[in-house]
């Protein structure tokens with residue numbers, strides 16, 4: 001009888017510990033919102049935002065900015081990314097960002113006119 005009570009108690013404690021550790025695990029994906037504009041603050045549509053480096057297991061992230069100059073990458077792997085932004089009439093811009101799980105990281109960049 002004592003052995004079965006001990007076994008039940010051990011299973012309960014392990015379940016409790018496992019449940020707590022799972023509840024404390026941070027989300028593994030986050031969102032990234034990138035906005036581009038010109039020197040006057042006017043949004044730039046049609047800009048390419050492309051990752052050169054991304055966390056292991058994450059495919060390359062790429063998108064075009066909309067009429068508000070914004071592109072949103074949803075549910076991408078949390079971690080460090082290196083991106084470049086290009087648009088035909090502006091100088092290319094590189095940036096590094098850390099995406100945090102469970103949040104949306106928002107960045108705005110001003111592009112300089114190209115030669």
Which condition does residue 57 not pass, out of (1) within 14 Å of the chain's Cα centre (by Cα); (2) modelled with pLDDT of 95 or more; (3) on the phi > 0 side of the Ramachandran plot, if it passes all the others? (2)
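When the range 41-58 is examined, which residues are found to be assigned to a loop (DSSP other than H, G, I, E, B) and touching a strand residue (DSSP E or B) at 6+ places or on another chain (Cβ under 9 Å)? It would help to see each step written out before you state the result.
If we filter the range 41-58 for residues that are assigned to a loop (DSSP other than H, G, I, E, B), which is where we start, we get 41-42, 44-47, 54-58.
Listed by number, the residues that qualify are 41, 44, 45, 46, 47, 54, 55, 56, 57, 58.
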Of everything in the range 30-79, what is surrounded by 15 or more Cβ atoms within 10 Å (Cβ to Cβ) and touching a residue at least 60 places away in the same chain (Cβ under 8 Å)? Give them in sequence order. 30, 31, 32, 34, 35, 36, 37, 38, 44, 47
Would you pick out the residues in the range 80-106 that are surrounded by 14 or more Cβ atoms within 10 Å (Cβ to Cβ) and not in a loop (DSSP other than H, G, I, E, B)? 81, 83, 85, 86, 90, 93, 97, 99, 105
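For residues that are in a loop (DSSP other than H, G, I, E, B) and closer than 24 Å to residue 28 by Cβ, scanning just the range 60-79, find the one that is nearest to the chain's Cα centre (by Cα).
78
The values are calculated or read from the model by the stated rules, or taken from the named source; none is laboratory data. Fair warning: this is a prediction, and the values are worked out from it, not measured in the lab. Neighbour counts run over all protein chains shown; Cβ positions are idealised from the backbone, glycine included.
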